[in-house]
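Report on the structure given below.
The values are calculated or read from the model by the stated rules, or taken from the named source; none is laboratory data. Remember, it's a predicted structure, so these values are computed and weren't measured experimentally. Here the Cβ positions follow ideal geometry from the backbone for every residue, glycine too, while neighbour counts run over all protein chains shown. These accessible areas exclude ligands, DNA and RNA; they are computed on the full protein's heavy atoms, side chains included. Shrake-Rupley method; radii C 1.70, N 1.55, O 1.52, S 1.80 Å.
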Amino acid sequence: MPQLLMNLGENSYDIVIEKGALNRIAELIPLNRKVLVVTDRGVPAEYSKKILSKCAYPFLIKLKPGEESKSPKKYLYILKKMIEFGFDRHDCVVAVGGGVIGDLAGFAAATYMRGIDFYNVPTTLLSQVDSSVGGKTAIDFEGYKNIVGSFYQPKKVIIDPDVLKTLEKRQFACGMAEIIKMFATYDRDSFDKLYSNKKMPVEELIERALKVKIDVVSKDEKESGLRRVLNFGHTVGHAIESVSACTSSPLLHGECVAVGMLCMSGGDAKKQIKTLLERYNLPTSYKCSKESLVSVLAHDKKSKKDTVSVVKVNKIGSFEIIEETHNKIISDCKGVLTLL
Ligand code: GLY
């Protein structure tokens, strides 16, 4: 099984992709210290138990699943517990869950005593191929997603594809949306292989997507340019996510990114991306009010005055990053979004 290296100088770390890795966790993480496992109630408890049973001094925090947990309240709760448990600089935090848990636990680890060791054990396909790697940690505040956070690299990322057996189909598809994002913008060979329906085992998909992520992050850790490519589909996607959160049938993050990617692609690339999204039962259109969409777009923290930085794909395996006005973004969405 592959072990990939995120090469970031003194902040470099290994990414282990291995079926059954959770069963040999004690060989992968030094657990002879206080270990705080942060997880949520949606993650099968057996995954945390496998880790906790190997720790010399185990501690567990189990949160409510969902984006609401990425709050100042839950962040302060974790810090309070670490003080109460007597954590010091030599102890560590292990996130066991999806992107929300990784972002929140990572931010707590990044800031407690100016930073203690952080390990990520992602349990969704989306977090395995994207959010667990690259050091973005954050919480939401005052209605802004990820507005308070830091770049704080984990000490190691441990990906056990066996955990995907318990993942709901809809959540699996969300991970596929992020994989399609990586391939469409940056890796034509992998896109073509997936498109031509060649069977790709999930471990290979994870490895190929992570190779894209590693290449991008190692060239631009702090997102001053190239790393923005990973936001393909996310500007409109985040806006749809906020709008849909207030409806009776909210879409999941990856589903919003799927629709967002179609809005920002053109020509044959758009057709090919759509074919792949449909194959994984991801949405390819969305209906909402124009007013609500524009109002959340204007709230985007990537906004500079009335323009937003967007990633466009007109040819698979390549991309352009440009500044667009809200009106231009809305007009790009024609044929994908029905704005009432
Ligand atoms: N998920 C986007 C990034 O890591 O930059």
With equal scatterers on the alpha carbons only and no solvent term, can you work out the Debye log10 of I(q)/I(0) for the stretch 37-188 at 0.10, 0.16 1/Å?
-0.33, -0.85
Percent of beta bridges antiparallel (DSSP, the stretch 92-188, rounded to nearest 5):
40 percent
Can you check what the Kirkwood hydrodynamic radius comes to for the chain, Cα pairs only, in Å to one decimal?
20.3 Å
Using a simple spin-label model with points 7 Å from Cα along the Cα→Cβ vector, what separation in nm is obtained for ASP192 and PHE141?
4.7 nm
Give me the dipole magnitude in Debye, nearest 20, for the chain about the Cα centre, with unit charges on the beta carbon: positive for Lys and Arg, negative for Asp and Glu.
280 debye
The answer for trypsin sites (Lys or Arg not before Pro) in the stretch 244-308 that fall in a DSSP coil and have at most 12 neighbouring Cβ atoms within 10 Å is LYS301, LYS305
For the chain, what is the accessible area per residue in Å², given a 1.4 Å probe and the full set of protein chains?
44 Å²
Rounded percent of accessible protein surface that carbon and sulfur make up, the stretch 201-264, 1.4 Å probe
52 percent
In nm, give the distance between the simple-model label positions of LYS334 and GLU67, each being 7 Å from the Cα along the Cα-to-Cβ direction.
2.9 nm
So what is the relative contact order of the stretch 221-279, in percent, for Cα pairs below 8 Å that sit 6 or more residues apart?
34 percent
With a 1.4 Å probe and all protein chains in place, put THR307, THR39 in order of accessible area, largest first.
THR307, THR39
Where in the stretch 121-149 does the label zone of ARG33 land, with the point 7 angstrom along Cα→C-beta and an amide N cut-off under 17 Å?
121
Where does the chain land at 222 nm, in deg cm²/dmol rounded to the nearest 500, when only DSSP H runs of n ≥ 4 count, each adding -39500 (n - 2.57), divided by all residues?
-12000 deg cm²/dmol
What pairs from LYS193/LYS222; LYS271/LYS334; LYS199/LYS219; LYS145/LYS199; LYS156/LYS199 go past 25 Å between their alpha carbons?
LYS193/LYS222; LYS199/LYS219; LYS145/LYS199; LYS156/LYS199
Can you compute the label reach from ASP306? Point 7 Å from Cα along the Cβ direction, backbone N cut-off under 16 Å, restricted to the stretch 261-282.
none
Considering only Cα-Cα distances, which of the following residue pairs are longer than 26 Å: LYS81/LYS211; LYS274/LYS312; LYS181/LYS328; LYS270/LYS290?
LYS81/LYS211
Which of the trypsin sites (Lys or Arg not before Pro) found in the stretch 1-93 are in a DSSP loop and have at most 12 neighbouring Cβ atoms, other than their own, within 10 Å?
ARG41, ARG89
How large is ³J(HN,Hα) for each residue in the stretch 284-293, as worked out from phi by the Karplus curve 6.51 cos²θ - 1.76 cosθ + 1.60 (θ = phi - 60°), to whole Hz, x for Gly and Pro?
10, 7, 7, 10, 7, 7, 4, 4, 5, 5
Under 17 Å from the 7 Å Cα→Cβ point of SER12, by amide nitrogen: which residues of the stretch 95-125?
none
Considering the dipole of the stretch 149-260 built from charges on the beta carbon (Lys and Arg +1, Asp and Glu -1) around the Cα centre, which of PHE151, SER248, HIS234 is farthest to its positive end?
PHE151
Given VAL129, MET113, LEU76, which one lies farthest toward the positive end of the charge dipole of the chain, if we put +1 on the Cβ of every Lys and Arg and -1 on the Cβ of every Asp and Glu?
LEU76
State the extension gain, in nm to one decimal, for the chain segment bounded by CYS246 and LYS211, taking 0.36 nm per residue of separation less the distance between their alpha-carbons.
9.0 nm
Tell me, what is the percent relative contact order of the chain, built from C-alpha pairs under 8 Å that lie six or more residues apart?
14 percent
For the stretch 58-148, evaluate the Debye formula with one uniform point scatterer on each Cα (no solvent term) and list log10 I(q)/I(0) at q = 0.23, 0.26 Å⁻¹, rounded to two decimals.
-1.22, -1.49
When the convex hull of the Cα atoms of the stretch 1-90 is projected onto a plane and the area is averaged over all directions, what value comes out in nm²?
7.3 nm²
Volume of the Cα convex hull of the stretch 109-206, divided per residue and given in Å³
129 Å³
